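A.B. asks: The structure that follows is given in the form of structure tokens.
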Amino acid sequence: MSDNKIHSSAIVNSKAILGKNNEIGPNVTIEEGVKMGDNNKVLQGAFIAQGTTLGDENQIHMNAVVGHEPQDLAFSGTPSFTQIGNHNVIREFVTIHRGTKEGSATVIGNHNFFMAYSHIAHNCRVHNHVVLVNNASLTGHCEIEDYAFLSGFVGLHQFTKIGAYVIVSALSAVNKDVPPFMLSGGRPAVIQGINVIGLRRGGFDATVRSEIKKAYKVLYRSENNVSQALEILEKDFETEEVKRIVEFIKSSDRGICSGQGDEKETLLSKKG
């Protein structure tokens with residue numbers, strides 16, 4: 001633990017492995033078996049549980065709980081894990097729980113920003129540059145792709161997947177998958193358009209944005225069902241971004257959210 005600044009009131013288990021230049025604040029608890037890289041900052045009262053691996057340059061703010069036991073009646077106490085990458089900001093009272101089944105893990109990538117009281121349940125996978133606003137909540141086995149933005153008090157059903165560059169508006173309840181580049185919201189959430197601002201900020205040029213808009217219209221503003229829409233997208237569109245939408249929908253187990261104003265739900269059937 002050389003080169004680390006550890007407050008005298010912190011409880012750091014002797015079997016925890018810390019890298020260099022970490023700052024551990026007052027009343028922090030770091031359990032046995034935690035592995036931490038370099039230049040992390042853990043503020044007052046934070047709790048890092050066994051089975052947690054933390055990379056470099058992360059900030060864990062006051063009273064956050066990282067890697068604790070899952071809130072799952074099926075959890076039997078067997079060893080499971082939480083894996084967190086680099087440059088993440090985990091704000092006050094955030095809760096991140098480890099996997100449920102033995103050997104399984106909750107996995108978080110790099111450069112994510114989790115605001116106060118947000119929750120990441122067992123076996124979730126959060127990719128990179130994701131923002132969870134205050135009280136956004138992921139239930140078990142959810143997946144959030146790069147640059148997604150979940151607004152305040154958003155709730156996700158178990159196993160729901162949110163695509164890259166998606167925005168979900170505040171107070172939404174999401175019970176089906178949201179394809180990449182979309183804007184969604186409501187209770188239950190529906191697709192309301194494309195994330196134009198996010199695409200511009202992400203550096204997507206006008207041609208790509210136009211193709212995504214056309215793909216959105218094929219999916220959500222036409223008489224096509226999902227299978228018919230996919231056939232059109234595969235036949236008539238060549239950009240990588242539209243291919244990404246197609247692959248996302250094909251891999252969806254829960255089906256995708258319907259469009260705003262649809263009288264029927266847009267479902268992805270394995271039978272087509």
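A.B. asks: Collect residues whose amide H, placed 1.01 Å from N in the peptide plane, falls under 5 Å from the amide H of residue 143; neighbours closer than 5 in sequence don't count.
C.D. replies: Hits under the 5 Å cutoff: 125, 160, 161, 162.
A.B. asks: Per DSSP H run of n ≥ 4, the term is -39500 (n - 2.57); total these for the chain, divide by its residue number, and report the mean residue ellipticity at 222 nm rounded to 500 deg cm²/dmol. If you can, show how the numbers build up before the last one.
C.D. replies: Working: 4 runs with 43 residues, N = 272.
Only helices count here, giving -5000 deg cm²/dmol.
A.B. asks: Whose amide H sits under 5 Å from the amide H of residue 6, counting only residues 5 or more places off or on another chain, with H placed in the peptide plane?
C.D. replies: 24
A.B. asks: Tabulate in residue order the Karplus-calculated ³J(HN,Hα) for the range 239-251, using 6.51 cos²θ - 1.76 cosθ + 1.60 with θ = phi - 60°, rounded to whole Hz; enter x for Gly and Pro.
C.D. replies: With the stated coefficients, the range 239-251 comes to 5, 4, 5, 5, 4, 5, 4, 4, 5, 4, 5, 4, 8 Hz.
A.B. asks: When the chain is treated as a GNM, springs tying every alpha-carbon pair under 10 Å, which of 53, 100, 207 comes out with the largest mean-square fluctuation?
C.D. replies: Highest fluctuation among the options: 207.
A.B. asks: Run the numbers for residue 15 and residue 260: contour at 0.36 nm per residue of separation, minus the present Cα-Cα distance, in nm.
C.D. replies: This chain segment gains 82.9 nm when fully extended.
A.B. asks: Each residue of the range 8-13 in turn: what ³J(HN,Hα) in whole Hz from Karplus with 6.51, -1.76, 1.60 and θ = phi - 60°, glycine and Pro shown as x?
C.D. replies: Each residue of the range 8-13 in turn: 4, 8, 6, 10, 10, 4 Hz.
A.B. asks: In the range 10-26, which residues have a backbone nitrogen under 16 Å from the label point lying 7 Å from residue 3's Cα in the Cα-to-Cβ direction?
C.D. replies: 17-24
A.B. asks: Cα centroids of the range 14-40 and the range 71-95: how far apart, whole angstrom?
C.D. replies: 16 Å
A.B. asks: Another question, if that's okay. Within straight cross-link reach of residue 101, meaning Cα distance under 25 Å, which lysines are found once same-chain residues fewer than 8 apart are removed?
C.D. replies: 15, 35, 161, 176
A.B. asks: Straight distance only, please: which aspartates and glutamates reach the Cα of residue 213 with their own Cα at less than 19 Å, same-chain residues fewer than 8 apart left out?
C.D. replies: Excluding near neighbours in sequence, the set is 177, 205, 223, 231, 234, 236, 238, 240, 241, 247, 262.
A.B. asks: Can you compute the modelled spin-label distance between residue 71 and residue 243, with each label point 7 Å from Cα toward Cβ, in nm?
C.D. replies: 4.1 nm
Computed from the coordinates by the stated procedures, all read-outs in this text should not be read as laboratory data. Not measured: the values here are computed from a predicted model. FYI the Cβ positions are ideal-geometry reconstructions off the backbone, even for glycines, and counts take in every protein chain you see.
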